[in-house]
Every structure is written in structure tokens, then in C-alpha cells.
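In what follows, a structure is listed as C-alpha cells, so that the remarks can point back to it.
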Amino acid sequence: MANDNKQTKQNNNREAGGLTAAERYKIPPQDMPEQAPEQRARNFEEVATGFTEEQARKEALRCLGCKNAPCVKGCPVRIRIKDFIAEIAQGNYKKSLEIIKENSLLPAVCGRVCPQENQCQEQCTVGIKFKDIAKSVSIGRLERFVADLDVDDKDTPKVGAPTDRKVAIIGSGPGGIVAAADTRRAGHDVTIFEAFHKPGGVMVYGIPEFRLPKSIVQKEIDTLTRMGVKIVPNFVVGKTSTIEQLLKEDGFDAVYIGVGAGLPKFMNIEGESFVGVYSANEYLTRANLMRAYKFGAGADTPIARSKKAAVIGGGNVAMDAARMAVRLGAEKVYLIYRRTEKEMPARVEEVHHAKQEGVEFHLLQNPKRIIGDENCRVKAIECLRYKLGEPDASGRQRPVAIAGSEFQIEVDCVIVAVGNIPNPLIQQTSPELKFNEEGCIIVDEKGRTSMEAVYAGGDIVTGAATVIQAMGQGRTAAQSINEYLQQKTKIRS
Amino acid sequence: MAHKIISKSQLSEDVFTADVEAGHIVRAAKAGQFVIISVNNEFGERIPLTIAGVNPQNGTIKIIWQRVGKTTAHLADLKGGDSIAAIVGPLGRPTHIENFGAVVCVGGGIGAAPLLPIAKALKEAGNKITVILGARSKSILILEDEFRKISDEIIITTDDGSYGRKGFVSEALAEVCRRTPKPNQAFVIGPAIMMKVCCEVTKEFAVPTQVSLNTIMVDGTGMCGGCRIEYDGKPKFVCVDGPEFDGHKVNFDLMMKRLAAYKEMEKTSYEQYKKHVCKIYRRRTGDG
Ligand SMILES: Cc1cc2nc3c(=O)[nH]c(=O)nc-3n(C[C@H](O)[C@H](O)[C@H](O)COP(=O)(O)OP(=O)(O)OC[C@H]3O[C@@H](n4cnc5c(N)ncnc54)[C@H](O)[C@@H]3O)c2cc1C
Ligand SMILES: Cc1cc2nc3c(=O)[nH]c(=O)nc-3n(C[C@H](O)[C@H](O)[C@H](O)COP(=O)(O)OP(=O)(O)OC[C@H]3O[C@@H](n4cnc5c(N)ncnc54)[C@H](O)[C@@H]3O)c2cc1C
Ligand code: SF4
Ligand code: SF4
Ligand code: FES
């Protein structure tokens, strides 16, 4: 009996590439090809250039095709990971992409920006065997590999017969994009309203080109347009129109709210309004959306060209801002974080890249005040040293300031990246909607809000989270919207 | 979604006005609110301009702007029939309008443009209105006729004395504040330095004063913080908490410093634009 089992297992493995588990363990993890640090620190092109076909095939062979596929439990949208990887191993890239697209609409994006080490790859049997997450199968990189091949470039997802029902999607971030695609596929008339002049949400205004090329996001937007989704930019819901107006005056039958958590937190310390102090949002929006890095070469929006910049925070946003400052020519970029590297919420890869590019980490330090010159321009930042104390509610050790440890660092620019919270615009103009204390919209497990016909997902529901989570919630909400509209049709007819 | 310029004209040497298609904005627009426009979606800067009027029948809004740099110059070079790439709005909180009794409205330079819809709304609410308009010189005074129509009294000052009284609006304002009864409320819009000086005057006479601030903006929806000011010692975002504030609590000195943050770069940008336009012009006229 035991023998039999072993036999089938091996057969299965053979099918997926003809190797035994032991043989697979021996294949070394494939390194991601990257631009050299000193080269990329001077340009805005993508840092990681992507697996070659040979590398992808090799990496795919490292997957054991585990029966219980623990990796899938780590993926918020439950991609059939071992199946898509097996197709790569056999060179069936189109099929592989089809499998991914059953669950994720934006594989080229997620393959690049998912915090895989805390999601799918954290659970991978291979990584666990080696007691090193870095040795897990590179699921994200494989996902990116097939997505980048453009094997389905011309395919436009099929759209159902017209239902005569109108859906409004507010915000064009990852959640909004998925909700739009899924409701459109059901045949509804779908319009996306976006506050900025370009769709894509954080993927275009926040995450820099060197990590996520804008052309990739644009490709997904183009697909939406081909499917017949209407995109209305420069439209701020809560200002240009309220949700109630969309439903009552403009003829929409259902609304998805995916406006993200776009409001920057500041530290509320002395000197924070001096010239040269930015929120990371402002810094990154100027640089990414308005292309301030091309100022003087076509772009009209200026940005501080600092010599010495301090970035405050330890998340992805802080890493992006620091690496942007490097690219904008700063000779010194200090990343100031009040805990240690272990507690940093940023992706390991981003921390690693930032260090390679010369960002100096100042750990267990936090600003006390910002010092300006007679023109209120930043000239230094005064920090306190910290030590780790008792664990707080989140289980992380609380940083405690060391009295009298003040010291100054000379800088001409300070970028504050200590978190983003929801924008109260919708809350102020939709009295029927229920919000929690953090200002997030309260929804049930189906994405329904307290207001009939109104659904929500993404960062406006969870607080600042991830692209893949927003996508997953956009999908759930779209499903609920489709069900709701179907019932509504029945009642009406 | 480009927005067509229906008509455009020049009000003075550097001030222009246009009616622009913005059907999505007319429904919600109220006095005191603004739009953010961009002349080019790929590389343009986003700049705020006050909604100086709306025409719901035509689905147009009126903007009035002063040519001070690259983007306002580019706008000035557009003609009727051309388009503006992006118009977002209406943004900011509307002016709080009520019957205060006697109100003094002070407009300095281009500040007359945002002041007009507010003065109109105040008049409609039953206020007695004294308007003080100021300009450097007669040739650049704008909207005099429009203000005459709605004000109970109008005082004009020019820095060089070429029209009205010679001097600054703040001097005329002090005079109006000295009267008995003094005005119940003041509205002051203009360059930051002029608002600062006027607020010093009204503070002395304890006349409550609303100012409309013109900080640098990016999104206009509260997501960047670039427009922040120090108000009563605390940070406020002009785009969502304003643009109008109690002028007696605004830190104007810091605001002026922030306005000058990109001075050098803006100059470069404007110079480049002027060179570029000259080249096109020469090419069109076959001149070199
Ligand atoms: C700098 C930065 C780096 C990040 N890096 C990563 C990463 O590496 N990996 C990862 O998984 N996640 C990352 N994130 C988080 C991730 O981007 C977000 O969790 C995700 O984008 C949230 O998606 P969303 O659908 O909620 O919408 P968002 O992407 O937040 O987009 C919301 C959209 O709604 C628009 N909007 C807002 N208000 C209105 C309104 N009133 N009317 C109309 N439109 C409106 C906004 O302009 C925006 O376009 C990062 C975030 C930032 C800021
Ligand atoms: C709420 C509000 C309403 C306004 N209404 C009007 C109006 O009705 N008519 C009018 O002529 N002007 C108005 N302004 C000012 C106008 O936005 C600036 O003159 C314009 O942005 C200048 O752009 P520029 O590229 O031509 O000049 P630049 O060379 O870029 O700048 C010249 C000066 O304008 C200011 N400025 C620059 N960029 C911005 C920006 N993105 N946002 C705001 N100010 C900036 C700076 O102080 C700068 O020194 C308003 C500003 C605000 C905040
Ligand atoms: S979507 Fe993200 S979490 Fe899911 S498998 Fe892909 S990389 Fe992993
Ligand atoms: S856990 Fe790792 S090895 Fe197992 S199926 Fe998933 S990716 Fe493959
Ligand atoms: S303009 Fe960005 S927050 Fe006000």
C-alpha cells in the first residue's frame, strides 16, 4: 500500500517534468536578473529585468507539485499555483497564463509587487524544507514571466449580452479595475470615475516606474476600454457628484467604492511645513504621475532636487520615496525608522534594493523636529535615539525614546512616509454609509456596505494594504453586484 | 475628455478670461470653489483656478487667470475652439454666505476674479456691500463694471495713482473700518502679502475677515499635503479645509515662503516655454 502511494506520487512528478522531489530540491533557486545598482540608481527603468525562458523553466522544475499545495492558502486570491507552474515547466505558457487569469486579472502587476514572502512563498514546502523563505519557489517571478510574454495580447475577455443595468466604479486602482472587468463581463454598462487625470490608482501615482512600468498598467486599462468600460477621469466623487446623485440622478443601479486610503499622515512635529518637507504621496505623485523627473526636458511639474534627503518610515512607501530621491540625484539619502530592520513592514526585496542603491539606514531613530533657515527651507533634522521596549497590541516591540539622545543630521529635504489613511471626502458626503473609527467603510463578507446598491473594497475598507488584496475584494464585490443586479432585473421584469 | 474653450478674451495686459466646457462641474459648483486644470495630460502641471462663474445652460464655467508662468502662459496662448486636457472640480469648500449686514470686499489684482462670485452671492443674501479694488495701474484693473453692478459703494486704488485713489487697498480698508458702524465682515482676496497686510488692519479693528488662499497644489483632494498652511499653529490643507480661512489665524509668512519653493525652476520652465513658442511662431511666419 505504502509502496503504491509512493509509485503514484512519482508518476505524478514524472508527468510534471519527470523529476523526483530529491532531484527538484537540488536545482538552485534562480536569481532575478537586475540592472547593476550603480547603473540603475541613475535611471528610471525597471530594476528587475525578468527571468529568461531557460531560468523560468528551471525555476518551475523546483516546484514539487504538493498535493495539499500550502502555497495556495497564502495567496489572497487562491491562484492554482502548482498547475500554472507545471505548465511553465512544460513550456505551455498560454495555458499557464489562462490558469492564473482565472483568479488574478493583473498577473504582470502582482508578479512584481506582491509581498510574496509573506503570502504564497511563505507557505511553500521548498522554502520550509530549507528553513529559508528565500529558497521557496519564486512564484511571483514565474507569474511575471508568463504575464510578460504577451501571449494573450490581443485577447479581449468576452462580454455578456447587454443587461440594461449601469454600474459606477469609483476609483481606478486595482480593486476598481477588477470590479469593472467582472461587472462588464456580466453585460452591465460600466463607468469608472477617477479623480486623477490618469487611471491606475496607486499603481500609477505611487509605485515608481522602476518597480512597476506604467505601460503594464496602461495595457490593463486598454483591455478594459476594449471591453467597453467607460473611463471618466478628473471626476471626484463627493465633489463633482455624490454617490446619492449617481444612483438617483444619473441612473446608476449599483456603485463600487474603491477610492483607496490616499490621505498622508504627518508627524505633527515642529517645522513640518517648511519648504522641502514632503509627504511621500506628494513626492511620488510629482515624480510618477506628473513625471517631474523630466522637469526641464518636457515636463512642467517641478520637484526638489535635493542633495541630502531624509525619508521617515519603514514601509514600501518609504523605500519607494528613498529610491526615488536617489534617482533624482541626491548624494545622500537617509532612511530613518524608529524600530529595527526586523520590524520594517517593507518587502525584503525593496529593503535590499534600497541598500544596494546607497540608501543609508538609520534605525532606532525618529525625528523630533525639523530645523529651517531664515527662508524656512529645511537645513537639518533633529532626531532622538530609540530602544525597543514591551510588545504593543500588534505584538511588535514598542520603540521607546531615549531621553537626552538628541542629535542633528544635515539635510535639505525631508520626505514623510509614516502611513496613509482614508480620505474623508466620501464620508462627509454620504451620510447613509457606515464607517469605522479609522474612517474605513464597513462592509460584510460580500463587499456590501450599509447603503443599498453600494459596495466597497480595497484600501478604503482595510486601510493601507496590498494590490492583490484590493483585487480580491474588487472581485468579491463584483460578484455581489452581479447577483444583486440579476435579482433586480427579475423583480423589475 | 478634453474641454473645449467656447470663447476667450483678454481683460488686461496679463489677464485673460475664458468660458470652457465643463458640463460635469456646473451642477455642483458654488461660489468660492475652484477647479484644477492641466493643459497636457502627459507632461502638464496641475494648477488651481477659481470658478469665476457658471453657465448651466451651455455647460460652461468661466475662468479668469493672470499670466505668471509656464502654464498660465500656455493657457493664454490657446484660442477659442482649442481644448484644455483636464478640468477637475468643483474643489474646496464653498464660501459661507449669510446676511452679515455690512460687508467690505477687498480684491487685489487677479484676486478680483475669485472675489466676484462671492460678492454676488453676498449681495443676493441681502448684505450691504462696499468693494475695494486695487491694481498696480489703471491698465491692469479688471472687472470694475461687474463689481459696480452689484456693490453699494466702490473704492478703487492704484499703486501709481493712474486711476481712483493713489495707494494700497489696505489704506482704503482702514478707512472703511474706522467708520461707525464698522463693517460686520470682511472678505479679502489677492496676493499673499496684500492679504497679510489687510488682515493686520482688520485685526486692529476687530473685523472678522475671510481670506482665500492660493497655495501651490497638486491633486486638490487632500492626498498630497502640498497645499498645507499653518493655521492657528496647526497644519491645514487649503484644498479641502479651505480655500477660505479666518485670515487672522493664517501664518502668511510661512505661506509666502512655501509659494516661493520652486521659484528658480518655474523661471526656467517659463523661459523654455517662451523660447519654444517663439520658434513655432518664427516657423509659422517663415521668419528664420
Ligand atoms: C508608494 C506605494 C507603494 C506600494 N507598494 C506596494 C507593493 O509593493 N505591493 C503591494 O501589494 N502594495 C503596495 N502598495 C499598496 C497598494 O498600492 C494598495 O494597497 C492598492 O493600490 C489599493 O488598491 P485600491 O483598489 O484600494 O485603490 P488605489 O490604488 O488606492 O486607488 C484608488 C483610486 O481612487 C481614486 N480616488 C480617490 N478618491 C476618489 C474620489 N472621491 N472620486 C474618484 N476617484 C477617487 C484615486 O485617485 C486612486 O486612483 C503601495 C502603496 C503605495 C502608496
Ligand atoms: C484655490 C486657488 C485658486 C486660484 N485661483 C486663481 C485664479 O482664479 N486666477 C489666477 O490667475 N490664479 C489663481 N490661482 C493661482 C494660480 O493657480 C497660479 O497662478 C498658477 O498655478 C501659476 O502657474 P504657472 O505655471 O503659470 O506659473 P508658475 O511659474 O508655475 O508659478 C508662478 C507662481 O504661481 C504659484 N504656483 C505655481 N504652481 C502652482 C500650483 N500648482 N498651484 C498653485 N499655485 C502655484 C507659485 O506661487 C509661483 O511662484 C489660484 C490658486 C489657488 C490655490
Ligand atoms: S497573486 Fe501574489 S500572492 Fe497570489 S500567487 Fe501571485 S504572487 Fe503569490
Ligand atoms: S508549496 Fe511550493 S513546491 Fe509546493 S506546490 Fe506550492 S509552490 Fe510548489
Ligand atoms: S493639493 Fe494635495 S492635499 Fe491639497
Item to check | Residues being more than 12 Å from chain B (Cβ to nearest Cβ) and touching a Pro at 6+ places or on another chain (Cβ under 7 Å) - total across the range A:224-256 | outcome: 1
Item to check | Test: B:Arg67 is within 18 Å of A:Asn234 (Cα to Cα), among the charged types (D, E, K, R) and in contact (Cβ under 8 Å) with a residue 12 or more places away in the chain | outcome: no
Next on the checklist: For the range A:245-272, give me each residue that is part of a strand (DSSP E or B) and closer than 20 Å to B:Val238 by Cβ.
Outcome noted: A:Leu263, A:Pro264
Checklist entry - What number of residues within the range B:63-113 satisfy the criterion of being within 16 Å of ligand 5 (Cβ to nearest atom) and under 17 Å from the mean Cα position of the chain (by Cα)? => result 8
Checklist entry - Is it the case that the range A:273-283 has a residue that's at the interface with another protein chain (Cβ under 9 Å from one of its Cβ atoms), in a loop (DSSP other than H, G, I, E, B) and within 28 Å of A:Phe435 (Cα to Cα)? => result no
Next on the checklist: All but one of (1) outside any strand (DSSP E or B); (2) buried (at least 19 other Cβ atoms within 10 Å of the Cβ); (3) away from ligand 5 (no atom under 13 Å from the Cβ) hold for B:Phe245; state the number of the condition that does not hold.
Outcome noted: (1)
Checklist outcome for this item: Subset of the range A:143-180, residues crowded, with 24+ Cβ neighbours inside 10 Å and either of a type in the set (Lys, Arg) or more than 24 Å from A:Lys239 (Cβ to Cβ) (or both), comes to A:Glu143, A:Arg144, A:Phe145, A:Val146, A:Ala147, A:Val178
Checklist entry - Could you say whether any residue in the range A:68-78 is assigned to a loop (DSSP other than H, G, I, E, B), more than 17 Å from A:Gly18 (Cα to Cα) and away from ligand 4 (no atom under 16 Å from the Cβ)? => result no
Checklist entry - Any chance the range A:278-286 includes a residue that's free of Cβ contacts under 8 Å to residues at least 60 places away in the same chain and within 16 Å of ligand 2 (Cβ to nearest atom)? => result yes
Checklist entry - Looking only at helices (runs of 4 or more DSSP H) that fall completely inside the range A:118-226, which ones have 1 or more residues that are away from ligand 3 (no atom under 16 Å from the Cβ) and not assigned by TED's automatic domain parsing to the domain that holds A:Lys58? => result A:174-185, A:202-205, A:214-226
Checklist outcome for this item: Given (1) buried (at least 16 other Cβ atoms within 10 Å of the Cβ); (2) within 16 Å of ligand 4 (Cβ to nearest atom); (3) β-branched (Val, Ile, Thr); (4) not in a loop (DSSP other than H, G, I, E, B), A:Val109 misses just (2)
Checklist entry - Regarding B:Phe187, is this residue surrounded by fewer than 21 Cβ atoms within 10 Å (Cβ to Cβ) and more than 16 Å from ligand 4 (Cβ to nearest atom)? => result no
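Residue-wise test of (1) surrounded by fewer than 23 Cβ atoms within 10 Å (Cβ to Cβ); (2) under 20 Å from B:Ala28 (Cβ atoms); (3) modelled with pLDDT of 95 or more; (4) more than 14 Å from chain A (Cβ to nearest Cβ).
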residue	(1), (2), (3), (4)
B:Phe43	yes, no, no, no
B:Thr71	no, no, no, no
B:Lys79	yes, no, no, yes
B:Ser83	yes, no, no, no
B:Gly89	no, yes, no, no
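The values are calculated or read from the model by the stated rules, or taken from the named source; none is laboratory data. Bear in mind that the values here come from a model prediction, so they are computed numbers and not experimental data. Quick reminder, even Gly has a Cβ in these numbers, built from the backbone with ideal geometry, and neighbours come from all protein chains shown.
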